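The values are calculated or read from the model by the stated rules, or taken from the named source; none is laboratory data. Small disclaimer: the values here were computed from a predicted structure and weren't measured. Cβ sites come from the backbone with ideal geometry, for glycine too, and all protein chains shown count toward neighbours. Surface areas here come from the heavy atoms of the whole protein model, side chains and all, with no ligands, DNA or RNA. Shrake-Rupley method; radii C 1.70, N 1.55, O 1.52, S 1.80 Å.
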2 protein chains.
Amino acid sequence: VEHEIPDIVIGRLPVYLRELSRLEREPDRLTTSSHELAERLGISSAQIRKDLSHFGEFGKQGTGYHIHYLIDRLSEILRLTHEWPVALIGAGFLGHALASYRGFQRRGFVITAVFDSDPAKVGATIGELTVRDAAELETALRADGIQIAILAVPADVAQATADRLVAAGVRAILSYAPASLTVPPGVYVSYSDPVVQLQQMTYYLRPDDQ
Amino acid sequence: VEHEIPDIVIGRLPVYLRELSRLEREPDRLTTSSHELAERLGISSAQIRKDLSHFGEFGKQGTGYHIHYLIDRLSEILRLTHEWPVALIGAGFLGHALASYRGFQRRGFVITAVFDSDPAKVGATIGELTVRDAAELETALRADGIQIAILAVPADVAQATADRLVAAGVRAILSYAPASLTVPPGVYVSYSDPVVQLQQMTYYLRPDDQ
């Protein structure tokens with residue numbers, strides 16, 4: 001069944017999971033409803049029910065969703081029941097911010113290696129990690145069986161770095177470089193470019209709105 | 001005509017613009033084609049032609065798109081013909097990375113103010129900016145007519161900060177806080193959460209893929 005789920009539905013599941021985890025931390029909280037999630041997420045309750053129905057019957061009429069059970073199921077669906085090791089490429093300001101971010105580990109990921117090609121950065125420590133020479137990339141990724149990488153390098157070296165990651169077995173890349181990457185089938189890329197995101201909003205702003 | 005353009009089309013325009021700007025920097029480069037863009041972006045050439053046709057006739061059969069002209073038109077459509085001032089809220093590691101990022105200015109944005117509520121950070125300098133007390137937020141945003149803000153604060157203060165931004169006239173928020181925000185109609189929010197992006201990809205990975 002699961003391979004027929006539309007990508008757009010899969011895309012919303014982590015957002016549901018994040019909100020459910022927030023609800024779970026509230027004292028004495030056991031259940032929620034599609035209406036409550038809808039209000040918190042700005043997604044219609046019908047959409048939420050429809051999305052979750054792809055994966056079976058989660059809620060009961062009148063009693064809502066059992067939060068802990070739904071978190072467990074979504075974690076299974078998204079393959080978050082074990083922790084994924086992640087390689088971070090780039091130890092600049094952004095690399096530091098990412099390596100210092102505490103939100104990864106409790107949500108299924110742990111940055112296990114940081115690489116940079118700048119000799120001035122190699123050997124430096126970020127938190128508990130030591131920045132390694134990017135020349136060791138392939139050896140290190142293969143040794144640790146790392147399938148996921150975060151790319152925090154300049155645009156002009158992004159494609160060449162991505163090629164090396166893919167050759168070393170990486171299957172999913174989150175790229176912060178402001179450049180489109182070409183990867184073979186079966187490799188997934190997700191982009192984070194603040195300027196693209198801002199430009200997607202300015203279309204809707206009018207200068208006379210002030 | 002423009003108000004009928006689907007959001008998903010608007011969402012792709014900044015990606016076209018970014019790639020066109022890269023092409024424009026190549027020596028002796030004047031034109032491109034939907035096929036070349038397709039290959040570089042991983043979007044079908046038919047889709048690219050259809051997207052751009054919403055805004056008039058850009059290309060000529062056989063000669064392709066004039067890069068400089070297309071950049072100008074996309075910049076107009078996305079309202080990037082003047083520079084937008086942007087407020088950055090949060091001067092942690094991520095705030096530093098964003099404030100130091102040189103990619104904003106040549107793509108239509110300039111961070112003009114950085115705020116933090118931590119007394120230890122207020123008064124520090126990041127590049128050419130001095131971190132200001134978040135208590136001054138409303139006054140400063142109104143004085144400068146700032147409509148766009150980047151939120152780089154912890155999840156538990158994200159909603160309260162967003163409420164203050166909206167009350168001070170902000171119409172577009174790019175949020176790095178791992179939390180869904182509720183905003184009134186006419187205010188746009190775009191999210192950047194690395195974990196959500198990673199979780200959207202793990203669904204497609206199989207543990208035995210290694």
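Descriptive notes on the structure:
- Gaussian network model of chain B, Cα within-10 Å springs - most flexible of B:Gly95, B:Gly103, B:Gly11: B:Gly11
- Long-range HN-HN contacts of B:Ala113 with modeled amide H, under 5 Å: B:Val86, B:Leu88
- With its label point defined 7 Å out from Cα along the Cα-to-Cβ axis, B:Asp118 lies at 2.1 nm from the matching points of the other copies, in increasing order.
- Label spacing, shortest first and in nm, from A:Ser21 to its equivalents in the remaining copies (7 angstrom along Cα→Cβ): 3.3
- In sequence order, calculated HN-Hα J values of segment A:132-138 (Karplus, 6.51, -1.76, 1.60; Hz; x Gly/Pro): 9, 5, 4, 4, 8, 3, 4
- Cα gyration tensor category, rounded, prolate or oblate, for chain B with a/c compared to 1.5: prolate
- When the alpha carbon coordinates of segment B:145-188 are projected onto the principal axes, the ranges are 25, 18, 14 Å, largest first.
- GNM on chain A, alpha-carbon springs under 10 angstrom: the most fluctuating residue among A:Thr63, A:Thr130, A:Thr31 is A:Thr63.
- Calculated label separations, B:Glu39, copies of the chain, 7 Å along the beta-carbon direction, nm: 5.4
- Beta bridges by DSSP in the protein assembly as shown, antiparallel share as percent, to the nearest 5: 20 percent
- Mean sequence separation of contacting Cα pairs (under 8 Å, at least six apart), scaled by the length of segment B:90-131, corresponds to a relative contact order of 42 percent.
- Both numbers refer to the Cα atoms of segment B:82-201; Rg and Dmax are 13.6, 43 Å.
- Segment A:Tyr69-A:Asp133, length gained on full extension (0.36 nm per residue, minus Cα span): 18.7 nm
- Max mean-square fluctuation residue, GNM over chain A, Cα-Cα springs under 10 Å, options A:Val86, A:Val15, A:Val166: A:Val15
- Shielding score for B:20-26, defined as the mean number of other chain Cβ atoms within 10 Å: 1
- Net charge over other residues, Cβ less than 11 angstrom from the Cβ of B:Ala149 (K, R count +1; D, E count -1): +2
- GluC sites (Glu not before Pro) within segment A:1-96, DSSP loop, no more than 16 other Cβ atoms inside 10 Å: A:Glu57, A:Glu83
- With both residues required to sit in segment B:95-210, DSSP beta bridges show an antiparallel share near 15%.
- Sequence-separation-based contact order of segment B:1-125, relative, with Cα cut under 8 Å and 6+ spacing, percent: 21 percent
- With Cα atoms, 0 to 90° folded angle of helix B:7-24 axis to chain B main axis: 80 degrees
- Among the residues of segment B:83-102, those with an accessible-area drop of 10 Å² or more from chain alone to full protein complex, heavy atoms and 1.4 Å probe, are B:Trp84, B:Phe93, B:Leu94, B:His96, B:Ala97, B:Ser100, B:Tyr101.
- Cleavage-rule hits (GluC sites (Glu not before Pro)) in segment B:99-181: DSSP loop, at most 13 neighbouring Cβ within 10 angstrom: B:Glu128
- Whole-angstrom gap from segment B:69-110 to segment A:182-201, using each part's C-alpha centre: 17 Å
- Spread over its residues, the convex hull of the C-alpha atoms of segment B:1-124 is 137 Å³ per residue.
- Taking every C-alpha pair closer than 8 Å and separated by at least 6 residues, the mean separation divided by the residue count of chain A gives a relative contact order of 13 percent.
- Residue mean of other protein chain beta carbons inside 10 Å, A:125-137: 0
- Exposed trypsin sites (Lys or Arg not before Pro) absent: longest stretch of chain A, with sites in DSSP loops and at most 16 other Cβ within 10 Å deemed exposed: A:103-210
- Structure-based [θ]222 nm, chain B - -39500 (n - 2.57) summed over DSSP H runs of at least 4, per residue, nearest 500: -12000 deg cm²/dmol
- Global form of the protein assembly as shown, assessed from the alpha-carbon gyration tensor, a/c cut-off 1.5: rounded
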